Every structure is written in structure tokens, then in C-alpha cells.
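I have placed the structure first, in the form of C-alpha cells, so that the comments after it can refer back to it.
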Amino acid sequence: MLLYIRNHPGTHLRQIKRDLDISMGVTQYHLSSLERSQQIIARRGGLYKRFYLALAFGEHQQEILDVLSQETERDLMLFLIQKPWATQKDLSEYARISPGTINWHMKRLIAAKLVSTKRAGQFVMYSITVDSDEIITLLRSYHPSTWEKWADRIANVVNELSNIEPEGEEKS
């Protein structure tokens, strides 16, 4: 179980149980033993208690890993890396969820000090406050399937941008 937590930092009880295919009682027993021996630490975030190797990650990295473990908030942060200072409408259209739900997720990211806001007239705009390289490194290291999906999206965006010609110029 310790090896699993090392390879999947920020995972929660039910995910560990599912992935290792062991009973809830056995999972809880081992997690409790690892916590008592101070080999792992537990951190409650929202509805989940997430587990990390002791001394492997700082508080800041744990915050990022918590978000990377949650699909909607992870996708919103990755979208903000691609489009800094996106509006609530941009995020709502991208994620296909209501503006109210976007507001709820963004409040959580702001409280975690991972996102900041600024007003431009009637619009609220959001941007990442942490180094995007750190987010990408943690994503690549601990969420490789998500990294592959996003790497394909980023490659497509770069491809589309390289096919756009400056105004007044024609492709030859």
C-alpha cells in the first residue's frame, strides 16, 4: 500500500480500495497503521481524506495534487494554463457546466491560493497563481493518463495556431 501511495499521491480511501481490490476494512487498517508509523500523512480536502508519503510533498504541492485528483477542477486549471485570464463564461462553455457551478469550483481554487481573479467591467477573469510548469510536472509524474490526454489537446492547439497566417499574407 505504501508503494501505491508513493505512485498515486493524493489518492483517497475508496480509490485505494478499488485499485488494490481489497476490502474496506483491510484498506482502513493498513492506512491507519501507516499513519501511526508516520510513513504517510492524511490531508482532508472537501469530502475526501487524501494520502501522501510523509515528507515527500510540501503543503503547496499537496494542494496542487488535491486539485489534479479532481476531474473538473483539474480541467479548469489546465484550461487556465492554456487561456490565462479566462472569464466565467469561457470556463462555463469549455467545461459545459453552469456559471454557478464554475463559481463554486473557482471559489475552492481561490481558497487554495491556486487561482486569482480580477475584474474587467462586468466580467470576472481568472488566472493561475502558481507556476504552470510545476502543475504540468506533477500531472505528468502522477497522473500520466490525464497528461497524455492534455498533451494531445495542447499539440492540436499549437497545430491550429501554426496554420493561421498573419493578416494580409497568403499561404503559398
What does the extension gain come out to for residue 124 and residue 28, with contour length at 0.36 nm per residue minus their alpha carbon separation?
30.3 nm
The ³J(HN,Hα) series, computed from each phi in the range 114-124 with the Karplus coefficients 6.51, -1.76 and 1.60 at θ = phi - 60°, rounded to the nearest Hz and given as x for glycine or proline, is 9, 9, 10, 10, 8, 9, 9, x, 8, 9, 9
Provide the per-residue ³J(HN,Hα) series for the range 61-78, in order, calculated from phi with Karplus coefficients 6.51, -1.76, 1.60 and θ = phi - 60°, each as a whole number of Hz, with x at glycine and proline positions.
5, 5, 4, 5, 5, 4, 5, 5, 7, 10, 3, 5, 5, 4, 5, 5, 5, 5
Heavy-atom accessible area per residue - the range 1-143, 1.4 Å, Å²:
56
With label points built 7 Å along Cα→Cβ from the Cα atoms of residue 72 and residue 49, find their separation and express it in nm.
2.5
Return the carbon/sulfur percentage of the accessible area of the range 1-110, one whole number, probe 1.4 Å, all protein chains in place.
51
Amide H of residue 129 versus every other amide H placed in the peptide plane: which residues, excluding those fewer than 5 positions away on the same chain, fall under 5 Å?
115, 116
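The values are calculated or read from the model by the stated rules, or taken from the named source; none is laboratory data. On a predicted model such as this, the values are computed, not experimentally measured, just so you know. When we count neighbours, we look across all protein chains shown, and the Cβ atoms used for this are built from the backbone with ideal geometry, even at glycine. With ligands, DNA and RNA removed, areas are computed over all heavy atoms of the protein, side chains included. Shrake-Rupley method; radii C 1.70, N 1.55, O 1.52, S 1.80 Å.
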